[in-house]
Amino acid sequence: MHFNLSEDQTLIRDMARKFADDRLKPNAARWDEEKIFPVDVMREAAELGFAGIYTRDDVGGSALSRLDAAIIFEELSRGCVATAAFMSIHNMCAWMIDSWGTEEQRQRFLPPMMTMDKIASYCLTEPGAGSDAASLKTRAVRDGDDYVLNGAKAFISGAGTSDYYVVMCRTGEDGPKGISTLIVEKDTPGLSFGANEKKMGWNAQPTRIVTFEDCRVPVANRLADEGMGFTLAMNGLNGGRINIGACSLGGASEAFDVAKDYVGTRKQFGREIGQFQVSQFKLADMATELEASRLMLYRAAAALDAKDPSAAKYCAMAKRFATDTCFDVANQALQLHGGYGYLKDYPLERIVRDLRVHQILEGTNEIMRVIIAKDVMR
């Protein structure tokens, strides 16, 4: 057990921080305001290896660890939470194909994903199946060398722009054992998209309903065997939970730094508000909570890298703790700004809006408690 980054990890962190400072932070407010999905800038991030962080290197991936990924997503989120979060989703899809795909599938789909010439969306949630993902209704019926796919997915990040849709669908019985995974390509007849959802945050990425109407998807686009889809989905979410927790940590860390600078210059009652003990204690608690979140995320990432049997529990713990705690830290940073924190001239209100959804996606924090409880009561 050690608490220092290696030399390589320090270089990776610094590279991600520089990219965030140079290419994300200066544009984040405009992307949010104008609802711009910055695909070109994400492709620049891909040139640094951030589109396939833990994908194998024979297809152009970086072959790094989950701990390395947590470090990267924390730093990217300091620049733009919504953009970093979409990079996490793309990485999750790439990992699923890399881990469960055939060699033909890996060589076909992954090289363009590593450059983000092709981007991917993860399609699990449905209008009637959110936390109860195993009850999903989207169905694929085998017809010769194809599946005929019908149904709809909701809250899909990147929908309408993404080139590949990693879709969990029902090919068999009710429940988790009847679910399979198909890769649906954007030009598939019968694939359509709803309007971009009007959201509280994450405005720098589109969110739409994805609809399948008699989409013919080749059997060759199925990942793993029939009935394995729920396993693939849950395994993908373990890493996704660490990543989204790291995105919360990065956004909250940026909010903390902005607030720390602000209380050192803002004066009330004849002195800087940072000289008041109430402000100092608030900053002390915020710094402690950020560090605790970081340690829990690193613990979960190390467990996933080590294939620890309890990794799912640690991922759920870290996601629950980091997303709850870091949202509170960002909210306190806004409070320290007083009325100015509520204005779009400062980044605090955007960070708070972007972080709020992290307590819901990749499994709500209530579901994280269910996962943890099942493990500790086993």
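The values are calculated or read from the model by the stated rules, or taken from the named source; none is laboratory data. In this text the structure is predicted, and so the values were computed from the model without any measurement. Please note: Cβ atoms are built from the backbone with ideal geometry, for glycine as well, and neighbour counts cover all protein chains shown. Just so you know, the surface numbers come from the protein's heavy atoms only, side chains and all, with ligands and any DNA or RNA stripped out. Shrake-Rupley method; radii C 1.70, N 1.55, O 1.52, S 1.80 Å.
Computed values, structure above
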{"quantity": "Close pairs from segment 85-104: first within 28 Å of Arg353 (Cα to Cα) and open to solvent by less than 10 Å² (accessible area, probe 1.4 Å), partner at pLDDT 95 or above and of a type in the set (Val, Ile, Thr), Cβ under 8 Å, at least 6 apart", "calculated": "Ala85/Ile244; Ser88/Ile244; His90/Ile119; Asn91/Ile53; Asn91/Thr55; Cys93/Val166; Ala94/Thr55"}
{"quantity": "Residues of segment 260-271 satisfying the condition of being assigned to a helix (DSSP H, G or I) and either open to solvent by 30 Å² or more (accessible area, probe 1.4 Å) or of a type in the set (A, V, I, L, M, F, W, C) (or both)", "calculated": "Lys260, Asp261, Val263"}
{"quantity": "Scan of segment 23-40 for residues that are crowded, with 20+ Cβ neighbours inside 10 Å and of a type in the set (A, V, I, L, M, F, W, C), ordered by number", "calculated": "Leu24, Ala28, Trp31, Phe37"}
{"quantity": "Qualifying residues in segment 123-140 (those that are open to solvent by 30 Å² or more (accessible area, probe 1.4 Å) and either touching a residue at least 24 places away in the same chain (Cβ under 8 Å) or of a type outside the set (D, E, K, R) (or both)) - the one nearest to Thr171 (Cα to Cα)", "calculated": "Arg139"}
{"quantity": "Subset tally (residues that are open to solvent by less than 60 Å² (accessible area, probe 1.4 Å) and either under 14 Å from Met87 (Cα atoms) or part of a loop (DSSP other than H, G, I, E, B) (or both)) for segment 45-62", "calculated": "12"}
{"quantity": "Among the candidates Ala330, Ala292, Ala306, Ala284, residue that is touching a residue at least 60 places away in the same chain (Cβ under 8 Å) and either surrounded by fewer than 13 Cβ atoms within 10 Å (Cβ to Cβ) or within 29 Å of Thr83 (Cβ to Cβ) (or both)", "calculated": "Ala330"}
{"quantity": "Complete set of residues in segment 333-346 that are surrounded by fewer than 18 Cβ atoms within 10 Å (Cβ to Cβ) and in a loop (DSSP other than H, G, I, E, B)", "calculated": "Leu343, Lys344, Asp345"}
{"quantity": "Count of residues meeting criterion [closer than 14 Å to Leu67 by Cβ and touching a residue at least 24 places away in the same chain (Cβ under 8 Å)] in segment 9-25", "calculated": "4"}
{"quantity": "Identity of the residue in segment 347-366, open to solvent by 50 Å² or more (accessible area, probe 1.4 Å) and either modelled with pLDDT under 95 or not in a loop (DSSP other than H, G, I, E, B) (or both), that ends up nearest to Cys80 (Cα to Cα)", "calculated": "Arg356"}
{"quantity": "Candidates Gly227, Gly251, Gly274, filtered to the one that is open to solvent by less than 30 Å² (accessible area, probe 1.4 Å) and at positive phi", "calculated": "Gly227"}
{"quantity": "Wholly within segment 160-205, strands (runs of 3 or more DSSP E) carrying at least 1 residues that are open to solvent by 30 Å² or more (accessible area, probe 1.4 Å) and not aromatic (Phe, Trp, Tyr)", "calculated": "179-185, 191-193"}
{"quantity": "The lone exception for Asp214 - which of (1) touching a residue at least 12 places away in the same chain (Cβ under 8 Å); (2) assigned to a loop (DSSP other than H, G, I, E, B); (3) open to solvent by 50 Å² or more (accessible area, probe 1.4 Å) it fails", "calculated": "(2)"}
{"quantity": "Members of segment 26-44 that are in a loop (DSSP other than H, G, I, E, B) and either without any contact (Cβ under 8 Å) to a residue 12 or more places away in the chain or at positive phi (or both)", "calculated": "Pro26, Lys35"}
{"quantity": "Unmet requirement for Lys118, which otherwise passes all of (1) under 21 Å from Ala195 (Cβ atoms); (2) modelled with pLDDT of 95 or more", "calculated": "(1)"}
{"quantity": "Conditions (1) open to solvent by 70 Å² or more (accessible area, probe 1.4 Å); (2) part of a helix (DSSP H, G or I); (3) within 30 Å of Glu33 (Cβ to Cβ): number failed by Lys319", "calculated": "(1)"}
